[in-house]
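These notes concern the structure reproduced below.
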Amino acid sequence: MNAIGEQFSAMVWNIFNRTRLIDVVDILLLTFIIYEMLVHVRQTRVSQTLKGVLILLAATWLSEVLNMRTIHALLSWLINAGPVLLIVLFQPEIRRILEELGNNSVFDTPAYMQKESSSALIIDELILALSHMARRRVGALIVIENKTRLADVIATGTKVDGLISQPLIENIFEPNTPLHDGAVVIRGDRVVSAACLLRLSDTTGVGRDLGTRHRAGLGVSEVSDATVFIVSEETGIISMAEGGKLKRHLDEASLRQILHGIYDKEEKENRLSLIQLMQRQRRRIARDEQQTDKKA
């Protein structure tokens, strides 16, 4: 016991007195690798196998403590042969994990650049869907979430969580389908929820020719910074509600300008956040190097 205590004390002393910057990087890298492995094997049969391995290790330790030599010898043999058996049994899973790690390589296009290239596609899909529904006079109510979260609105609908596309949006608002009556909530590049219920606006200045759909769009724009697009079922006119105000008779050019204003602003904020994160990391590394130099 004294030897174990001395080893533990020596380990603690080394951690606090001989830690180098490369040691910190080494530990962080190992932590990241273990975290990625756990994320990739979660809710798969590999995770169940890992639980079995932990039980096997515990049983091996217990058999040694209880001096059960035969069982301990058998379990030790299984542990020694375990890595080879795991590679043979889980070859497809290991290959899939390596492929996913390769897809997340640092040599790939940064996330903010991928988002920048995909925003144009999202805008095109939204414009196509709105224009097509307007020509067909299919009523639609699309809420694009901004900084104000609309969790209470999303909770009233049916979860979709699908990538924005013209067929998906048109299929949701197709008459006589389960989700057509209500609003669609969009967050970023995804359709989060459909058939959502919105509070109606109490504004008295809304024209009598505007129905419940327009009042609902105005209502959510009055209590949040969301941008709402409405397609009239009677006239096919595309309108936008923002800040409690309604703008009607939108064409493709005006839709594109509005959507670019939404998604370009989001891209700039994401890029600024990334730059700030990189600056904080540089300052932290410089501070660690200074502390290491002082200790040396």
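Tell me, which residue of the range 117-164 that is among the acidic types (Asp, Glu) and over 17 Å from the mean Cα position of the chain (by Cα) is nearest to residue 216 (Cα to Cα)? Let's see the steps before the verdict.
As a first pass, look at the range 117-164 and keep what is among the acidic types (Asp, Glu): 124-125, 145, 152, 161.
Add one more test, that the residue is over 17 Å from the mean Cα position of the chain (by Cα), and what stays is 124-125, 152.
Numbers: 124: 25, 125: 24, 152: 15 Å.
Only one residue fits best here, namely 152.
Considering every residue within the range 155-165, establish whether at least one is touching a strand residue (DSSP E or B) at 6+ places or on another chain (Cβ under 7 Å) and closer than 17 Å to residue 130 by Cα. Lay out the reasoning, then the answer.
Let us first name the residues in the range 155-165 that are touching a strand residue (DSSP E or B) at 6+ places or on another chain (Cβ under 7 Å), namely 156-164.
Filter again for closer than 17 Å to residue 130 by Cα, leaving 163-164.
Yes, that holds for at least one residue.
As an exercise: evaluate residue 230 against (1) surrounded by fewer than 16 Cβ atoms within 10 Å (Cβ to Cβ); (2) under 23 Å from residue 159 (Cβ atoms) and give the number of the one condition it does not meet.
(1)
Quick one: residue 103 ticks every box in (1) surrounded by 12 or more Cβ atoms within 10 Å (Cβ to Cβ); (2) modelled with pLDDT of 55 or more except a single one, so which number is it?
Failing condition for residue 103: (1).
Any residue at all in the range 49-67 that is among the charged types (D, E, K, R), modelled with pLDDT of 80 or more and loosely packed, with under 12 Cβ neighbours inside 10 Å?
Checked the range 49-67: no residue is among the charged types (D, E, K, R), modelled with pLDDT of 80 or more and loosely packed, with under 12 Cβ neighbours inside 10 Å.
Mind checking whether some residue in the range 173-188 is basic (Lys, Arg), at pLDDT below 95 and touching an Asp or Glu at 6+ places or on another chain (Cβ under 6 Å)? Even if it seems obvious, please write down each step before you answer.
First, pick out the residues of the range 173-188 that are basic (Lys, Arg): 187.
Applying the additional criterion that residues be at pLDDT below 95 yields 187.
Then keep just the ones that are touching an Asp or Glu at 6+ places or on another chain (Cβ under 6 Å); that gives 187.
Looking through the range 173-188, at least one residue is basic (Lys, Arg), at pLDDT below 95 and touching an Asp or Glu at 6+ places or on another chain (Cβ under 6 Å).
Conditions tested, residue by residue: (1) in contact (Cβ under 8 Å) with a residue 24 or more places away in the chain; (2) exposed (fewer than 14 other Cβ atoms within 10 Å of the Cβ).
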| residue | (1), (2) |
| --- | --- |
| 164 | yes, no |
| 168 | no, no |
| 171 | no, no |
| 176 | no, yes |
| 179 | no, no |
| 188 | yes, no |
| 198 | yes, no |
| 203 | yes, yes |
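From (1) over 20 Å from the mean Cα position of the chain (by Cα); (2) surrounded by fewer than 21 Cβ atoms within 10 Å (Cβ to Cβ), pick out the condition that doesn't hold for residue 218.
So the condition that residue 218 fails would be (2).
The values are calculated or read from the model by the stated rules, or taken from the named source; none is laboratory data. Remember, it's a predicted structure, so these values are computed and weren't measured experimentally. Because the Cβ atoms are built from the backbone with ideal geometry, glycine has one as well, and the counts that use them run over all protein chains shown.
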